[in-house]
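Encoded as C-alpha cells, the structure appears first; notes follow it.
Please treat every number below as a calculation from the coordinates, not as lab data. The shown structure was predicted, so the numbers you read here are calculated from the model rather than taken from an experiment. Here Cβ is always computed from backbone atoms with ideal geometry, including for glycine, and neighbour counts include all displayed protein chains.
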Amino acid sequence: MIVIVGAGPAGMAAARRARECGAEVTVVDDNPAPGGQIWRGEGRWLADGVRFVPSARVVSGDTAAKTLLLETERGAGELPYDRLILATGSRELFLPFPGWTLPGIFGVGGLQALAKSGLAVRRKRILVAGSGPLLLAGASYFRSKGAEVVLIAEQADAFSVARFGAQLLRHPAKVLRAAQLQVSLLGVPTKHGCWVEAAEGTDRVECIHLRQGSRAFTEPVDYAAIAWGLVPNTELATLLGCDSLAGAGGVDVSTVEGEIAGLIAAGREDLARELYPRRDKAIRFAKAIDETFALRPDLRHLPKPETIVCRCEDVTLERLQFCNSFRAAKLHTRCGMGPCQARICGAATRFLFGWQDDSIRPPALPARIGTLIGS
Amino acid sequence: MLILIDGKPFDGPEDTTVAVALLMAGQTMFRRSISGEPRAPLCGMGICFECRVTIDGCAHVRSCQIPVREGMEIRTG
C-alpha cells in the first residue's frame, strides 16, 4: 500500500502514476475534496481506483512501525503504509506590518481559496499586494468574480519583472498564460517596487498605506490580499526524519516531482528517470521566479516595536528583539507555540532575523487528547 | 441553508465552508486573540488557525476547512 499525504497537484500526479503501475494507493488530505489550493472547487478527482480519505489531518507518524496517526472531525485512527509520499504543498509567506492582523486582510491565495469556496467578492474594493506571480493570478480571479481590484502592488522592481518577462520567451506555454493574465487585468493599476507599509481600521481593515520609492499613499479597501511568496509545508517531513526536501516550486515542479515519487514508490525508477529532464526544466523556471521576486530588505523594517509577529500568542517585535534564536523566542515569549505551531511566524522570523525553526515535535498539529491517547 | 451564528439564524449559501458562510453573514470577527484583538481568516487553507470558532459545541475548529451543514450552531469570539 502506497500512502500519499496531500491531494494537490503533486499528490494527484503521484497517485495517478503509482496506480498506472498497478499499486494500491490511498491519498489523505486535510480538505474535503482533492485538488489542493490551485484546483480548489474545480471538481478534479483522483485517478480511478485510488482510495481517498478526506478532511483528515496527519498528526504524527511512526516510520519504524510504518503508520500515520490521522485525526478527522469525528474520530482518529492509524493508517499503515508500505511506501509513503509526502506531497503537503505550500502555504503563503506572510510578513508582519502594522495592522496586518486586522480582519479583512487575507493572503492572496487565501482570499482566492475563500472566493473559490463561494465568498462573494462582487463590487468589493480589493488591494492585491506582496510579491510573485500569484498576485496577478489572484487579481485576475477576483476581477472575474466582479471585484474592483484597486491596485496590484508588487514589491519587486519593474526591471526585474521585465527581465523575467524576457526569459518567459523560452517557455511558450507560459507566454500564453502571461498574455491571458495581462488581458484579463487591462485597466487595473499595477505598481512595481511598491509595498504595503501599514493597514488601518477599527474592527476590520479600512485602508492600506503603501510606499513606492519616496512616495507614500493610501488606498481605501474592503479587502486586502497580501502575500510575499510561498513557503513549503515541510513540518510533517521534518517530523518523520526526512532531510532532503523538495521545496515549493509551483504547479509544474509539483506535478513532475509527484509523478517521479509515484513511479519510484511503485518500483519503476526506470520510468521515473525519464522525467528528470522535465523536472530540471521546471525547477530552472521556479528558480527564475525566486530570483525575480526576491524580497527587498526594506520589508524587514515594516514591523514596529509594538507590531505583533506571532499571531497565535500575540508576541510583539520588541519582545523578540531580545532573543537570539527561534528556540530562545519560544522559551522566553511563547512565539511559535500556539495552534499554528509556527507555520506563520516561523517563516516570518526566518526573514526578519534569519532564525531557523528546527524543533518539530509531535503532534504536528493541535490534536484532541483522545487522538493521542488512542495511539 | 439555515445555520445559527451566535444564536441568530442566517440563511446562507449551500455547498461552502463555515468560514465563507460567516463572512457572507457579515461577520468581521471570528475570534478574539489572547490580547483581545478581533481576528478573522488569513490563510483560507487551514494553516493559520485564525478562523477558529466553536461548531456544535466543539471548540477551536478551523472554520475554513469545515463544510457548512443545515442547522449548524456556530459560536464566534
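Charge tally around residue B:24: other residues with Cβ under 13 Å, Lys/Arg +1 each, Asp/Glu -1 each, net -1. Sequence-ordered 3J(HN,Hα) estimates for the stretch A:47-55 from the Karplus curve with 6.51, -1.76 and 1.60 and θ = phi - 60° stand at 4, 4, x, 8, 7, 10, 10, x, 6 Hz, glycine and proline given as x.
Taking the helices alone, chain A has a mean residue ellipticity at 222 nm of -9500 deg cm²/dmol, built from -39,500 (n - 2.57) per DSSP H run of at least 4 residues and averaged over all its residues. Per-residue packing, averaged as other Cβ atoms within 10 Å, sorts the ranges A:80-90, B:15-25, A:166-176 into the order B:15-25, A:80-90, A:166-176, beginning with the highest.
Take every pair of alpha-carbon atoms less than 8 Å apart whose residues are at least six positions apart; their mean separation over the length of chain A yields a relative contact order of 20 percent. Once you reduce the stretch A:195-238 and the stretch A:337-375 to the center of their Cα atoms, the two points are 23 Å from each other. Radius of gyration (Cα atoms) of chain A, expressed as a multiple of 2.2 N^0.38 Å: 1.01. Given +1 at the Cβ of Lys and Arg, -1 at the Cβ of Asp and Glu and no other charges, the dipole of the protein assembly as shown around its Cα centre is 660 debye to the nearest 20. The Cβ shell under 14 Å around residue A:150 holds other residues with a net charge of +1, Lys and Arg each +1, Asp and Glu each -1.
Helices in chain A that qualify as membrane-span-like (whole DSSP H runs, Cα extent of at least 30 Å along the helix axis, mean Kyte-Doolittle hydropathy of 0.0 or higher) do not occur.
Taking the DSSP beta bridges in chain A as the whole, what percent of them are antiparallel, to the nearest 5? If we restrict to bridges inside chain A, about 50 percent are antiparallel. Mind running the shape call on the stretch A:1-71? Use the C-alpha gyration tensor, a ≥ b ≥ c as the square roots of the eigenvalues: rounded below 1.5 for a/c, prolate if a/b tops b/c, oblate otherwise. Verdict is oblate for the stretch A:1-71. With all distinct Cα pairs included, what does the Kirkwood hydrodynamic radius of the stretch A:302-353 come out to in Å, to one decimal, could you say? By the Kirkwood definition, the hydrodynamic radius is 10.5 Å. Eigen-decomposition of the gyration tensor built on the alpha-carbon atoms of the stretch B:2-68 gives equivalent ellipsoid semi-axes of 18, 13, 11 angstrom, largest listed first. For the listed residue pairs A:191/A:287; A:116/A:174; A:66/A:330; A:66/A:116; A:124/A:191; A:145/A:191, the alpha carbons are over 27 angstrom apart in A:66/A:330; A:66/A:116. Mean per-residue shielding of peptide B:56-64 is 2, counting Cβ atoms of other chains within 10 Å of each Cβ.
The 3J(HN,Hα) values that the Karplus relation (6.51, -1.76, 1.60; θ = phi - 60°) gives for the stretch B:12-24 are, in residue order, x, x, 8, 6, 9, 9, 4, 4, 5, 4, 5, 5, 5 Hz. Gly and Pro appear as x.
Taking every residue in A:90-97 and counting other chain Cβ atoms within 10 Å of its Cβ, the average works out to 2.
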